[in-house]
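The values are calculated or read from the model by the stated rules, or taken from the named source; none is laboratory data. Bear in mind the structure is a predicted one, so any value in this text is a computation, not a measurement. Counting neighbours? That spans all protein chains shown, and the Cβs are built from the backbone with ideal geometry, glycine included.
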Amino acid sequence: MPEGVLAAAYFFALEAMTNALKHAPGAEITILLTVDKTLRVCVVDTGPGGAYLQPGHGLAGMRERLAAFGGELLLSSPPGGPTQVAAHLPLLLARGESGTGIDRVDGKGATTGAEGQET
């Protein structure tokens, strides 16, 4: 995984947890990580909700930092909670590198990896 994407995900998670601790003290915080072609980091707290994007403030800054890596911030925070903030970051690959380790399947069902060798 590219170091920049990993660092962006790490600092996103830290800032999201810090926000939850600040704005919803005592709330339960859950973090979910998933990955395929995109790294997803989701932080959910059981606090009162009501978070929103405000230019020049925390969540907007988080969105800008994620955008620098082609990522996006998703926010759901209805009044009464819970608040869910998620980062979706594309996994940046080197030119020609396969994201799955498989480039193609031949007519016989054999797979050929990025180096052209049968896998």
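The residues of the range 1-52 that are of a type in the set (Gly, Ala, Ser) and closer than 21 Å to Ala67 by Cβ, listed by number, are Gly4, Ala7, Ala8, Ala9, Ala13, Ala16, Ala51.
A single entry from Pro48, Pro55 fulfils the requirement of being more than 9 Å from the chain's Cα centre (by Cα), without any contact (Cβ under 8 Å) to a residue 60 or more places away in the chain, over 21 Å from Leu89 (Cβ atoms) and surrounded by 12 or more Cβ atoms within 10 Å (Cβ to Cβ): Pro48. When the residues of the range 55-74 are filtered to those that are among the small types (Gly, Ala, Ser) and either more than 13 Å from Arg40 (Cβ to Cβ) or in a helix (DSSP H, G or I) (or both), the one that is modelled with the lowest pLDDT is Gly56. When the test is whether a residue is within 25 Å of Leu6 (Cα to Cα), in a helix (DSSP H, G or I) and hydroxyl-bearing (Ser, Thr, Tyr), Thr34 does not pass it.
Summed over the range 50-65, residues that are on the phi > 0 side of the Ramachandran plot and out of contact with any His (no Cβ under 9 Å at 6 or more places or on another chain) total 1.
Taking the stated definitions as given, is Glu72 of a type outside the set (Lys, Arg) and touching a His at 6+ places or on another chain (Cβ under 7 Å)? Yes; evaluated as a whole, the condition is true for this residue.
Taking the criterion of being surrounded by 11 or more Cβ atoms within 10 Å (Cβ to Cβ), over 12 Å from the mean Cα position of the chain (by Cα), modelled with pLDDT under 95 and assigned to a helix (DSSP H, G or I), the only residue of the range 1-18 that qualifies is Gly4.
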